[in-house]
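Bear in mind these aren't lab numbers, they're just calculated from the coordinates by the rules spelled out. All of these numbers come straight from a predicted model, not from anything done at the bench. Neighbour counts are summed over all protein chains in view; Cβ atoms, including those assigned to glycine, are modelled from backbone coordinates with ideal geometry.
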Amino acid sequence: MSRAEQAEQVGRAEKVGQVGPGERIGAAAPPVGRRPQTAAGFLALFRSELRLTFRRVRTMVLLAILAVLPVLIGTVVRIETDGPRGGEGPAFIAQVTQNGLFLVFTALAVALPVFLPMTVGVVAGDSVAGEAAGGTLRYLLVAPAGRTRLLAAKFTAGLVFCLAATATVALAALATGAALFPLGDVTLISGDTIGLGSALLRAVLVAGVVAASLAGLVAIGLFISTLTGSGIAAMAATVGLVITVQILDSFPQLHAIQPFLFTHHWLSFGDLLREPMYWDGVLKNLGLQAAYVAVFGSAAWSRFSSRDITA
């Protein structure tokens, strides 16, 4: 690590109250009592994690890819509509062409099984292992009492990234849909029609459910990240796990275990596009994500709280 990077990490530690001003890297850890255990201290650490996450070029590239996805979908639908087979194609094409707002739901349905979990898996998998590989983790953990707070800040930052990634897809789809197709009353998949304002509120609700659906993956990625000192290995393992679970969820022979897979209810947000809205699948999904957060969050804390980070 360069001297500039070391200085940056010390400055980061000073901002969250973990290293006193002017203390040298590698100096003896300050007494545990010096570490502020206040809400303000956690918020400072959380803001630091957010800056670290969204300042990376990799993060911006991932968000840019997510923003391009709805543009590609909308362009393909527009070309298909204007082509000689304008009336043919999957059912969602007709719904998108009738109202550009439906492109939001279509883009989220396309992004959720693959693109969104892969980007979240990269960020979550690198959260701890990346700093360990760069040698910066030990500068933040100058006293054992700060590990729980740091892990909580990283998990919360991961949830914020889920919101940002989902919002990127939704906003790009809304802009593309408004540019390429008409906007107006939306016909839901149940056949009922609602106004544009109500449809926009449903789009916000659907985006929130999609973001919450990735909470379990954040906890899994955070746990995997505590198992290794290689950021690349943690990212690859997290993304590989998502792919493996998606494959397992596609085999009818495994129907007995599929309801317990964290990906199984991801597309349940489609029930919110009915009148009235069906909440059974959505609540099952959110409950399953909460269970994964509890299990893998506890496992990550157990591993991280006893991990040797002096090497």
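Counting other Cβ atoms within 10 Å as a rough exposure proxy, the listed residues K284, K154 run K284, K154 from fewest neighbours to most. The phi torsions of the stretch 102-109, fed into the Karplus equation with coefficients 6.51, -1.76 and 1.60 and a -60° offset, translate into couplings of 5, 5, 4, 5, 5, 5, 5, 5 Hz, rounded to whole numbers, with Gly and Pro shown as x.
Assign one of three labels to the stretch 234-276, namely rounded, prolate or oblate, based on the Cα gyration tensor with a ≥ b ≥ c the square roots of its eigenvalues; rounded applies when a/c is under 1.5, prolate when it is not and a/b is larger than b/c, and oblate otherwise. The shape class here is oblate. Residue order for T166, T244, fewest other beta carbons within 10 angstrom first, comes to T244, T166.
Panel order for D271, D185, D126, by other beta carbons found within 10 Å of each beta carbon, from fewest to most: D185, D271, D126. Can you tell me what percent of all Cα-Cα pairs in the stretch 186-311 are more than 20 Å apart? Tail fraction, whole percent: 55.
Taken one residue at a time, the phi angles of the stretch 190-205 give Karplus couplings (6.51, -1.76, 1.60, θ = phi - 60°) of 7, x, 7, 10, 10, x, 4, x, 5, 5, 5, 5, 5, 4, 5, 4 Hz. Gly and Pro are set to x.
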